[in-house]
Amino acid sequence: MGRYGSDFKEPPWVVGSPKEVMDWAERNHPSKKGEKDKASERRRDGDFLKNLHIQFDFEVSKREIEPKNIFSKLFLKVTRNKMIEEDFDLISKAELILRALAKAKFRNIAKLVVDGKTLYDHPEKKSDLRKAIDGIDEFSHEIRDRGSIKITAVLADVEKCTANIKIRRIHSKREHSVDIQMTGEIKKELYHTFLNYLNQNLCVKEEFS
């Protein structure tokens, strides 16, 4: 604390000896500050992960879907990209992934889209993820085909991270049933907490990529 109650640290020549002046100048030399800033940045970068992409499938039975019309058949013939349907309950899987997000300190569900229909869109709300978990069964009557669900969740911790999650029972063979894109930075320990919860509670076929 400097004089007059301010937070500015006055140089020692205001009240100090020549030695104190030299010590102050050495500590506050721009090169020293730069080294400290770089060291701090290295420590920070080591604690955070940026822009993560996670994809995996469930250990469930699946079947190929036959094309419904001539255009679909032609598209399939050209691309050789068959569509499959996986046998799992969309709501229960979504609930487990929401719980994994909660474990990783995500607090806000910004958007929820089921079978292409937006059921929830409140990016300005805070701390509503737990309510979304408790009330997810309420959305079940809105889901007819139970084919896909998209969730946008926001982590507002030291850094801001947005998780865009797609869970699909019906998708092409080249795609995965779960696709999670984390945009921004998340603490490494929170990311591993998220993955550990998924590993322990979901029957996953493939390793996380």
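The values are calculated or read from the model by the stated rules, or taken from the named source; none is laboratory data. The structure displayed is predicted, hence computed values, not measured ones.
Among the residues of segment 64-78, is any part of a strand (DSSP E or B) and either modelled with pLDDT of 90 or more or on the phi > 0 side of the Ramachandran plot (or both)? It would help to see each step written out before you state the result.
From segment 64-78, those part of a strand (DSSP E or B) are 64-65; that's our starting set.
Applying the additional criterion that residues be either modelled with pLDDT of 90 or more or on the phi > 0 side of the Ramachandran plot (or both) yields none.
Scanning segment 64-78, I find no residue that is part of a strand (DSSP E or B) and either modelled with pLDDT of 90 or more or on the phi > 0 side of the Ramachandran plot (or both), so the answer is no.
Applying the selection to segment 86-110, what residues are at pLDDT below 90 and part of a strand (DSSP E or B)?
N108, I109, A110
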